[in-house]
Amino acid sequence: MFILVVLPFMGSAHPGIGMVKDNKNNIYYTDLQQVWKISNGQKTIVVPGVHTHELYIDKDDNLYGENMLGGSETSNKFFHYLWRLQPNGDLDTLEDLREAYINIDFSLARDLYGNEYYIKQFLKRPDTNHIYKKYPGGKEVVLARGNFKGVTWLHPQKDESLLFVLHNNVYRVSKDGVVKELAKNIANEKPSFAFSGNSKTVWGVWQDDSNNVYVAVFSDQAVKKINSQGEVSDHYKTKGNWAPLYGLFDNKNRLWVLESSDKNEVRVTMAETKPNIIKSNNKSFQFFYFGIGIIVLGALLYYIKIR
């Protein structure tokens, strides 16, 4: 999707967030040169030679992406086309090659019903005050109003809401167009990933079946979780020279994370996560649990004595 995927001046070094799963628990992801499939632990290339930053999969397991061409070798003009990989392996071109950033010809930010979402911020006459929704029949409506300048990605969810990040804050747009802030300052002021320099960098956002929201904070090398009360915690930390771009939960509720390295390498890994331990400062609860401990200990000693 050309509207939200990549700023023109960032070129091919700008990583993507393209990772999806089908109904059979197969995972697909892009490394900007091809699209890979992970099935039963085996990794294969299913769409070679395509530069796509996003992927979309519909309810029938048809996989969609684009191929973005251009840059300095074409006088800084960009061209793209839309492709579809069918479950039987057939690869189709749905939208022919054309110059990008001219019209809203297609978006890969789509929900399960095929509705497309976008902001018209990279056109010659940009519009950053609206988020648009286009139905499969082609009808375009305004979903939300506000100041959305600087929003890079829109993330449609199963409940037809959208998640996005703006100015280091995380937001949800309901299917009725209501914009709600979920968390402020999601990335640390001082990045811990040296590759980020002094830049706070946030990539993909997604949610689980309990509506907990997860954010890939690239500059902190962390996937952060926002629970229903708005509490933020580190859910997963990457290791070495890798940082997260996006994530998803498979059919067994395991978290898979799309990661990029400081050498622009891309990989997908199954995250090793630990339960969040919430420490309470409520003294009444502390005394309560202390009292329970004394009672249990006393009962145990009495049992030993009568034996």
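What the table below lists for this structure:
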quantity: Per-bin percent of Cα-Cα distances, the range 227-276 [10 Å]; calculated: 23, 49, 25, 3
quantity: Amide H contacts of residue 69 (H built 1.01 Å from N, under 5 Å, at least 5 apart or other chain); calculated: 79, 80
quantity: Separation of the residue 190 and residue 62 label points, Cα + 7 Å toward Cβ, nm; calculated: 5.2
quantity: Pairwise centroid distance, computed over Cα atoms, of the range 30-108 with the range 184-243, Å; calculated: 27
quantity: Amide H partners (placed H, <5 Å) of residue 47, local residues excluded; calculated: 35
quantity: Rounded, prolate or oblate (a/c below 1.5 giving rounded, otherwise prolate when a/b exceeds b/c) for the range 187-263 by Cα gyration tensor; calculated: oblate
quantity: Cα extents of the range 141-240 along the three principal axes, largest first (Å); calculated: 43, 30, 19
quantity: FRET E, pair residue 251, residue 210, Förster distance 22 Å, beta-carbon r, rounded to 0.05; calculated: 0.90
quantity: Computed E for residue 167/residue 79 - FRET, C-beta separation, R0 25 angstrom, nearest 0.05; calculated: 0.20
quantity: Per residue accessible area of the range 14-111, 1.4 Å probe, in Å²; calculated: 45
quantity: Note, ³J(HN,Hα) from phi for the range 248-265, Karplus 6.51, -1.76, 1.60, rounded to Hz, x at Gly and Pro; calculated: 7, 9, 7, 5, 9, 6, 8, 8, 10, 10, 7, 10, 10, 9, 6, 10, 6, 7
quantity: The range 152-157 - phi-based ³J(HN,Hα) in whole Hz, Karplus 6.51/-1.76/1.60, Gly and Pro as x; calculated: 8, 10, 10, 10, x, 10
quantity: Under Karplus coefficients 6.51, -1.76 and 1.60, residue-wise ³J(HN,Hα) of the range 117-122 in Hz, glycine/proline x; calculated: 10, 6, 10, 8, 8, 10
quantity: Sites matching trypsin sites (Lys or Arg not before Pro) across the range 95-194 that sit in DSSP coil, with at most 12 neighbouring C-beta atoms within 10 Å; calculated: 124, 139, 158, 184
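The values are calculated or read from the model by the stated rules, or taken from the named source; none is laboratory data. Computed from a predicted model, the values in this text were never measured in an experiment. Here the Cβ is made from the backbone with ideal geometry for all residues, glycine too, and neighbour counts use every protein chain on show. Just the protein is used for accessible areas: all its heavy atoms, side chains included, with ligands, DNA and RNA removed. Shrake-Rupley method; radii C 1.70, N 1.55, O 1.52, S 1.80 Å.
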